[in-house]
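Asker: Mind having a look at this structure? Questions to follow.
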């Protein structure tokens, strides 16, 4: 029985990155052996165990055989005669197929160290094409390691294209799509995840709402980059610059989906794209089953981001409706996330990446002024409920008018 550290922990140590978690593979053991040592079984499809003291995962070395289309279409074989090389061969990328023994010696049968030095993401074996999740994983690794200069090997990208063309990626389950997307949103360059999927033909199958944005023009006066898809990729990277919050990053990604359905005869303008975006956001979130808070912020940003950009020009009653519609009074923390997503939209344009966004500060001042007005400060003793509401609204409008006059 031998135990090896494998996968991401070995890779990240070689890259000089912080190790987030450690996974181990055990060779020459049976489930009974693991149980006798106090390990707890947690794997459903194949034997995975939790260490009795550290809680780290230990998996018995295994091989796998494709039996049906999709992520779950595999038959696993785990026995004491499965070698370490057998186990490493089934992994996705060479940089993830390096093991380290208890003495610190590296076992690297598929030349992962060489690819780390060359900054290449390369598949381990032709069996790569059997698991559609690998298309998403490689795209996600491309995003994570883009700042380090990593590129996908041409032959690996060709296999990803093959998996898109033959419909293998259509078997992806919503939970895995969201899981990999969420991890991609956590990277410094999330746009690389989506542009990689587009390059291999998977974006139109997994995120058709995003794919149809590319090639759609916008007015050059406001969008020097012209292409809507390019703009959205710039916006999501700007969101990554502004905040670590993945709620904001997802909202930035989906804010302009409606521009992909604009009628050709009105291009490059996109009148009414906001409500079309809301409809498509709901469609996308339903399909990949995003958490509720992601869906809600994305809808608010899609519907109202256009108004924020001209907030200093709109009427006081329209500004108040904006605060009410975004639920700013009940959810001020989410309102701040909303403003950050709008700032990312403002900055996500060629040559305007570092321009200030005074609209957000203006809205913050307006919100602060309006929030300071409460029913307790108004003389409402002899008023009915409806009268109190009207008085509160009048006072809030007055506060916004006063702010506008000062501006």
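Asker: Are there helices (runs of 4 or more DSSP H) fully within region 1-109 with at least 3 residues that are at pLDDT below 90 and over 26 Å from residue 137 (Cα atoms)? List them.
Answerer: 31-36
Asker: What are the residues in region 251-272 that are crowded, with 16+ Cβ neighbours inside 10 Å and more than 22 Å from residue 191 (Cα to Cα), if any?
Answerer: The answer is 262, 268, 270.
Asker: Looking at region 351-407, which of its residues are surrounded by 13 or more Cβ atoms within 10 Å (Cβ to Cβ), outside any helix (DSSP H, G or I) and modelled with pLDDT of 80 or more?
Answerer: Across region 351-407, the qualifying residues are 352, 353, 357, 373.
Asker: Any residue at all in region 288-302 that's outside any helix (DSSP H, G or I), modelled with pLDDT of 95 or more, touching a strand residue (DSSP E or B) at 6+ places or on another chain (Cβ under 8 Å) and under 25 Å from residue 228 (Cα atoms)?
Answerer: No, region 288-302 contains no residue that is outside any helix (DSSP H, G or I), modelled with pLDDT of 95 or more, touching a strand residue (DSSP E or B) at 6+ places or on another chain (Cβ under 8 Å) and under 25 Å from residue 228 (Cα atoms).
Asker: Quick one: how many residues across region 2-43 are free of Cβ contacts under 8 Å to residues at least 60 places away in the same chain, within 17 Å of residue 101 (Cβ to Cβ) and over 27 Å from the mean Cα position of the chain (by Cα)?
Answerer: Count: 4.
Asker: Further question: Within the group 185, 157, which residue is more than 23 Å from residue 115 (Cβ to Cβ), touching a residue at least 12 places away in the same chain (Cβ under 8 Å) and assigned by TED's automatic domain parsing to the domain that holds residue 134?
Answerer: None of the others qualify; the one that does is 185.
Asker: While we're on this one: Within 22 Å of residue 342 (Cβ to Cβ) and out of contact with any strand residue (DSSP E or B) (no Cβ under 7 Å at 6 or more places or on another chain) - does that describe any residue in region 191-198?
Answerer: Yes, region 191-198 contains a residue that is within 22 Å of residue 342 (Cβ to Cβ) and out of contact with any strand residue (DSSP E or B) (no Cβ under 7 Å at 6 or more places or on another chain).
Asker: Taking the criterion of being closer than 22 Å to residue 286 by Cβ and not assigned by TED's automatic domain parsing to the domain that holds residue 173, would at least one residue in region 213-229 satisfy it?
Answerer: Yes, that holds for at least one residue.
The values are calculated or read from the model by the stated rules, or taken from the named source; none is laboratory data. Quick caveat: nothing in here was measured; it's all calculated off a predicted structure. FYI the Cβ positions are ideal-geometry reconstructions off the backbone, even for glycines, and counts take in every protein chain you see.
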